[in-house]
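Taking it in order: structure first as structure tokens, then the write-up.
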Amino acid sequence: MDFYELARRCATHVREHKDEEFRIVSHMDADGISSCALVSTALDRMGIEHDYTCIKLNEMNQVEPADNMVFCDLGSGQQDQIAKLFPDSSVTIIDHHQFEESLFEHHFNPFLAGVDGGSEISGSGMAYFFARALDESNTDLAPLAIVGAVGDMQALWGRLKGMNREIVADGICRGVLSADPDLLLYGRFTRPIYKSVQYFSDPPIPGISGSESNAIALLSSIGISVREDQWRTPSDLTLDEKQRLGTEIIRRIVSELPPEFARLAPNLVFGETYTFINEERYSPLRDASEFSTCLNAAGRHDCPDIGIEVAKGNRSIYYEKLMSLVRRHRQQLAKGIGLIESRGISRLSHLQYFDGTGISDTLVGTVAGLVLGSKECDPFTPLIGYTPTNDHMLKVSLRCSKLLVGRELNMGRILRDVSQRYDGAGGGHAFACGAFIPHEHITPFLEDVSHAVGATAE
């Protein structure tokens, strides 16, 4: 089936009902929030009355029905549930996740057109092509699709690919974004350069990651000044300085990497960065990666509407609220890391894990990712954190180095398969995934995950 025809079919359906009210239902991560903002903006521009809500995947039964419902960044895998819950609604699904069978006429999913929704386009990318099918002038919304794609980890090896490239090209042509070769350091416009180096952790820089003084010493040793009139950010470095720094980071990383990973390391240091030209020079919204972090913070603190309004361009009070959420997000992450440092990390043959009781189920995965980059962890062994969600279920979150994907280790598949043995459910990306498991099964679950990782390594 033709990808663009699927988009046109859904757009035509919405136009035919433009005098009616719509409800947008989206996921509450960065990709879902970006998707919702894209579709909402497109409907605004057509004068279509609508409201929106962002949910977790297990909250579908809490959504109020409406005459017209648009599901973004979810829905394809929940079609049976949607059909039962909303039998009288006119349903449009705009999603990128895999599914077994298409039950709805207006279903825009890349797998229907032979496009890999896991790596070549995100939920917000699908929302972008839907918005473009509604009106070609909506190409100015390309940055939101890039935020969602980056937030959904589709720039795994340094740059976006597949249908994402068409969105990048649209954004460049429209003059709203640039895509440039650069160092893949987080905080390009907002962090002092030494902080960006200090917190580079996948893979860790031997002797540097986690140490502020050693990061400053490294920069000094290769002739890079960390301060002029003010602290220099990664974006302030010259091309020559970036090349020197990147080369030195790669040299140090490769010196202690297992040989099988050495060829992959450069793609985690140098790559393509995405800059939103209309944002302020030192704003966290100017860089795709930081923008996605801000939206994630909104979703993880149950305030996705604030992220949506900022993404739609409604700044003023919403921007200040979003920055407040980001600060709170960082404080809670620091508290969670401190909690794990006091409890310690437990180890099995092929797995590390910690009890994250006291950490929110929406934050335990992020904490796991940060702890994985610390000196207490083996960076090349998967790490699980778990925390209660209620009286009988645990939320399990797993993080591992992207380099393990080079070993063809797919932790999302492993968690999906193992969780099903214990009356749970799970899945996700190869290196960032999760599951829900009954309390009483956590010990055998962890042992089975460790065994599955070991079997893959053999």
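Of all residues in the range 59-68, count the ones that are outside any loop (DSSP other than H, G, I, E, B) and either in contact (Cβ under 8 Å) with a residue 24 or more places away in the chain or of a type in the set (Asp, Glu) (or both). Number of matching residues: 4.
The number of residues in the range 306-328 being surrounded by 18 or more Cβ atoms within 10 Å (Cβ to Cβ), out of contact with any Lys or Arg (no Cβ under 8 Å at 6 or more places or on another chain) and under 13 Å from residue 34 (Cα atoms) comes to 5. The residues on offer are 366, 362, and the sole one that is touching a helix residue (DSSP H, G or I) at 6+ places or on another chain (Cβ under 8 Å), surrounded by 17 or more Cβ atoms within 10 Å (Cβ to Cβ) and assigned to a loop (DSSP other than H, G, I, E, B) is 362.
Being under 22 Å from residue 262 (Cβ atoms), in the same structural domain as residue 366 (by TED's automatic domain parsing) and either at pLDDT 95 or above or not in a strand (DSSP E or B) (or both), is that true of even one residue in the range 414-428? Break it down stepwise before answering.
So the first thing to find is which residues in the range 414-428 are under 22 Å from residue 262 (Cβ atoms), and the list is none.
So far as the range 414-428 goes, no, none of its residues is under 22 Å from residue 262 (Cβ atoms), in the same structural domain as residue 366 (by TED's automatic domain parsing) and either at pLDDT 95 or above or not in a strand (DSSP E or B) (or both).
None of 7, 11 is within 25 Å of the chain's Cα centre (by Cα), outside the structural domain of residue 310 (by TED's automatic domain parsing) and not in a loop (DSSP other than H, G, I, E, B) except 7. Number of residues in the range 35-65 that are more than 19 Å from the chain's Cα centre (by Cα), modelled with pLDDT under 95 and either surrounded by 14 or more Cβ atoms within 10 Å (Cβ to Cβ) or within 18 Å of residue 151 (Cβ to Cβ) (or both) equals 1.
For the range 66-96, taking the residues that are under 20 Å from residue 427 (Cα atoms) and charged (D, E, K, R), the one that is surrounded by the most Cβ atoms within 10 Å (Cβ to Cβ) is identified as 73. Scanning the range 97-135 for residues being modelled with pLDDT of 95 or more and either outside the structural domain of residue 39 (by TED's automatic domain parsing) or buried (at least 21 other Cβ atoms within 10 Å of the Cβ) (or both) gives a total of 18.
Out of (1) surrounded by fewer than 21 Cβ atoms within 10 Å (Cβ to Cβ); (2) farther than 20 Å from residue 27 by Cβ; (3) in contact with a Phe, Trp or Tyr (Cβ under 9 Å, 6 or more places away or on another chain), the odd one out for residue 174 is which? The single condition residue 174 does not satisfy is (3).
The values are calculated or read from the model by the stated rules, or taken from the named source; none is laboratory data. Only a predicted model underlies this, so the values are computations on that prediction, with no experimental measurement involved. Because the Cβ atoms are built from the backbone with ideal geometry, glycine has one as well, and the counts that use them run over all protein chains shown.
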